[in-house]
Structures are given as C-alpha cells and as structure tokens.
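The structure appears right after this line, and notes come after that.
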Amino acid sequence: MYKVNMEKPHVLIVDDEPMVLSSVADLLEFEYVVHQTHNPYTALEILSDFSLPIKVIMSDQRMPGMYGHELLREAKKLRPNVIRLLLTGYSDLESIMYSVNVGEIFRYINKPWRSDTLLNVFKLAVKLHDQMTQLEDERKHTYHKDLSAIPTTHTRTSQIEIEEDKEIVLFVGYDEELVQQCRTCLGGKYAVISLSSVDDVFKEVAQHSVSVIVSEINLQGYDAVDFLSTIKKDYPHIVTVILTNDVDASLAIRAINELNVFRYLTKPIKEATFRHVIEDAASRSREYSSKSKMNLYHAAAFEREATIDGRHRSSVEADLREKLKAAQAALTKRIRNS
C-alpha cells in the first residue's frame, strides 16, 4: 500500500507547459512533495483524493479547457483551506480583474518569476494554510462553549468605542454626486461618509468604527494600495474595496498581493452588484471583528516580497504612517483632556 509522505508539505502545480512544470518542481522538490499535472481536470481529481494533504495549489492562467482562476474557484469548493496561487502575465488584464473579484487568490505570480520570490510565496502559503487549519480545529473544539465568551470587538488602536446605529461605509476620493448615488443605492442601511483628504480619513478611522472603505486609486499623490495598507495594519477589521475608472493590471496585482483587497470594481457598476458587494464586505468586517484570527489572509499580506522600487515605497509608507500616528495621537490627547 502506498504510504503518503507526511514529512514535507504537499503542493500541487498545474500548467500545460512541461518546461514550467519541470522547472517549478525542481525548485520546490527539496522542501515539498510536489504533485504536478498539465490538465486542470486531473488537478481536480487530485484534490478530490483527500488522502493527499495538499496545502497549496498554483495554476497557470492560460490553459486549454479551463482558465486558472476557474480551476482555483473549483479548488476552493473542494478544499476551502487550500491556498491558491495564480501564474499570470500582465497582459491577462481581464482574467486578473475577474480573479480578484471571484477567486480570492492569495498571490499572483508574475511571469517570469524570481526563484527566491516563488520560494517565499510558497513558504507563506503553507504557513497560512496551517494557521487556518489550526483555527478551524480550535473552533470545532470550542463550539460547545458559551459564545458570549468570544470577544465581540477587535482591539483598535486609539479608537473611541461608541455604539453605532449603523455600520459605517467610508467613501474616499469621490465627488458628491457619485456618493449620493451610492447612498441611495444602499437604501439607508449604512452610515455613508464621504471624505477626500488623507488626513481626514485617518482621523475618521481613528475615532469611529469604520466597517468598509471604498476608495479611488489616486489620493493626493498616494495610491490606494499604500494608503489602505497603512490603515489595515492598525485596523484589520476594515474591509477595503477599490472603485475606479482606471483598470490597471499592475495595481490590481498589488492590491491582492499587498492589501488583500476585497473587491476591485470598475465604473460604471450596476446598483444591485454594488449593493451586494457592500453587504458582503460589511459581513466580512463583522466576521473579522468578532473573530480577529480569521483575518489571516491579510496578516500574511504584510509579509511581502521585496520590490524594485522598495526604497521609494518605504518612504511613502513612512509618510502615511506618520500621518496616521498624528491622527491617533490627537485623538488620545483629546480624550485625556475631556
């Protein structure tokens, strides 16, 4: 009888190019048990064999018979905790946008990839899988306990805890006409706030329990990924949505790899679709607040690989960080003096 190797993590690689399969397998074989196939349907059969403890699946996007994001969506149905990686090129713009909003991809791997980057991504992916599995086991073991013992709010840095009649949805960088249309679309279910200044946004998230932020791409010279990542580091319960006219593949990939953005939407958008996205985002925020360990995807997003413009990015992030700290300090001072 075949004995499954349990000493190394199991991963699955799917690509219709034999050279890609071979090179990835050669790179990973010292640290992982590598399952590989050129056929996405065979990949689903492998995932259906639960005697194989597969933790990570990486798929090429362009394959005969099934797109990579479609395969990863099916993989999620079979194994919700399997971590999904997508091999893609910047030219696959439509597929990238679709997979952002449907597949819940952990990372995009751009072709050609760097060996150290790929190894780091797999290491993070296995770590995330193990954390999610452990959390799931803990939840099963504690299910019989009184739910009132579970904290209902996430600890928020320098934030006033006030009872909100409605969950706050914060719009950033939009004209008032669009915000009013969105407010009408949401039917008064949420407290809709519109701000344009980065400083004002930082003050708002420091003072009130914002559930969802809907943001434009460019904000006073900052891009949305840097800006929203700064907020998410201190307020991980906030769920982020990008709504823009600009379809930028590189930014969409950064939004997944660095921010774990919930949705990347392009204007115009149907009212029913937008309402559904905000409802799902608010529900996810409640989930993160009540069970903060569930926000593991986002925690892993900050363990990011080096970028070519890393020095510039570091200075931008430091600047945003100082602005947020200033807002938090001002709030703390006001509370002490009140």
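The values are calculated or read from the model by the stated rules, or taken from the named source; none is laboratory data. None of the values given here were measured: they were computed from a predicted structure. Positions of Cβ are backbone-derived with ideal geometry, glycine not excepted, and every protein chain shown enters the neighbour counts.
Some points to look at:
- Checked against (1) surrounded by 14 or more Cβ atoms within 10 Å (Cβ to Cβ); (2) modelled with pLDDT under 65; (3) within 23 Å of the chain's Cα centre (by Cα), residue 168 passes all but condition (2).
Residue-wise test of (1) within 21 Å of residue 237 (Cα to Cα); (2) modelled with pLDDT under 75; (3) not assigned by TED's automatic domain parsing to the domain that holds residue 319.
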residue	(1), (2), (3)
120	no, no, yes
130	no, no, yes
179	no, no, no
184	no, no, no
195	yes, no, no
207	yes, no, no
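- The range 26-56 - residue that is assigned to a loop (DSSP other than H, G, I, E, B) and not acidic (Asp, Glu) and, of those, surrounded by the fewest Cβ atoms within 10 Å (Cβ to Cβ): 51
- Conditions (1) assigned to a helix (DSSP H, G or I); (2) modelled with pLDDT under 90; (3) among the β-branched types (Val, Ile, Thr); number of the one not met by residue 105: (1)
- Unmet requirement for residue 301, which otherwise passes all of (1) surrounded by 13 or more Cβ atoms within 10 Å (Cβ to Cβ); (2) modelled with pLDDT of 55 or more: (2)
- The listed residues are 77, 3, and the only one of them that is at pLDDT 90 or above, among the basic types (Lys, Arg) and not in a strand (DSSP E or B) turns out to be 77.
- Only a single criterion out of (1) more than 27 Å from residue 101 (Cα to Cα); (2) of a type in the set (Gly, Ala, Ser); (3) not in a helix (DSSP H, G or I) is not satisfied by residue 23, namely (3).
- On the stretch given as the range 177-224, residues that are closer than 18 Å to residue 320 by Cα, in contact (Cβ under 8 Å) with a residue 24 or more places away in the chain, part of a helix (DSSP H, G or I) and not polar (S, T, N, Q) total 9.
- Index of the failed condition, residue 261 passing every other in (1) of a type in the set (A, V, I, L, M, F, W, C); (2) surrounded by fewer than 22 Cβ atoms within 10 Å (Cβ to Cβ); (3) part of a loop (DSSP other than H, G, I, E, B): (2)
- Test result for residue 250, at pLDDT 95 or above and either among the acidic types (Asp, Glu) or surrounded by fewer than 21 Cβ atoms within 10 Å (Cβ to Cβ) (or both): no
- Meets criteria (buried (at least 20 other Cβ atoms within 10 Å of the Cβ), within 18 Å of residue 114 (Cα to Cα) and of a type in the set (Ser, Thr, Tyr)) for residue 59: yes
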